[in-house]
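The values are calculated or read from the model by the stated rules, or taken from the named source; none is laboratory data. The model shown is predicted, which means the values in this text are computed figures rather than measured ones. Cβ coordinates were reconstructed from backbone atoms using ideal geometry, including for glycine residues, and neighbour counts include every protein chain displayed. The accessibility values were calculated without ligands, DNA or RNA, using every heavy atom of the protein model including side chains. Shrake-Rupley method; radii C 1.70, N 1.55, O 1.52, S 1.80 Å.
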Amino acid sequence: MKKILVINGVNLNMLGIREKEIYGNQSYQDLMFYIKTESSRMGLDVTCVQSNYEGKIVEYIQEAYQKYEGIIINAGAYTHTSIAILDALKAVQIPTVEVHLSDINNRDEFRKFSYIGLYAEKQIVGKGFAGYKEALEYLKNK
Ligand code: DQA
C-alpha cells in the first residue's frame, strides 16, 4: 500500500466555523472522514496531521523522510509566507501535491503567490474537499 501523508496547516482545524462563505460548513472532522473514506476506496495508506505551528509542520515533513511516498499539503496562510516549509519539502524530496479549498488565484492579491508551489509538482485549488481526492488519485497513479 502506498503511504501518503496529508498535512493541514494553520487554521484548517477551524473549518466549519471560519469564513463559511469561503470554506463551507463542513468541519475538519468531516474532512478527515472524507479523506479516510476516499483513501480506503483507493487502497492508499493515509496518515493525516494538522498543526497551527510552522515549526511543527516542518517537523512533520522531516519525519516523513523515507517513510512516505507522497505528501498532500494545505499549509493555510503559511503557503504564502513560509520559506521554512518550502525548504523542508525540498530536503525530503517526496512527491508533493499542494491543495487549497478556495481558489487562491481569485482572492486577495497576497494569496496568489505560494512558496509551496515552488516545489509541489501539482497545485489543486478551489475544489473544496474534492481537491484532496484529486490529489490522492494523482499520487496513487504516479
Ligand atoms: C487556504 C487558502 C489560504 O490562503 C488561507 O490562508 C487558508 C486556507 C485554502 O485552503 O483555501 O487558510 O489554504
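For residue 70, which sequence-distant residues (separation of 5 or more, or a different chain) have an amide H within less than 5 Å of its own amide H, given hydrogens modelled in the peptide plane?
5
Rounded to the nearest 20 Debye, what is the dipole magnitude of the chain about its Cα centre when Lys and Arg each give +1 and Asp and Glu each give -1 at the C-beta?
300
Hey, with R₀ at 30 Å, roughly what FRET efficiency would residue 65 and residue 110 work out to, going by the Cβ-Cβ distance, to 0.05?
0.45
Find the relative contact order for the chain and round it to a whole percent, using C-alpha pairs within less than 8 Å whose residues are 6+ positions apart. Walk me through the numbers on the way to the answer.
Details: 254 pairs, mean separation 38.3, N = 142.
Reported as a whole number, the value is 27 percent.
Enter the accessible area per residue of the chain (Å², integer; probe 1.4 Å; all protein chains in place).
Values: 7010 Å² over 142 residues.
I get 49 Å² per residue for the chain.
Give me the percent of the accessible area of the chain that comes from carbon and sulfur atoms, probe 1.4 Å, all protein chains in place.
Values: 3410 of 7010 Å².
Result for the chain: 49 percent of the exposed heavy-atom area is carbon or sulfur.
Can you check what the net charge comes to around residue 34, using other residues whose Cβ is under 13 Å from the Cβ of residue 34 (Lys, Arg +1; Asp, Glu -1)?
Taking every other residue near residue 34 into account, the sum is +1.
What is the sum of charges, Lys and Arg at +1 and Asp and Glu at -1, for the other residues whose Cβ falls under 12 Å from the Cβ of residue 85?
Result for the neighbourhood of residue 85: -2.
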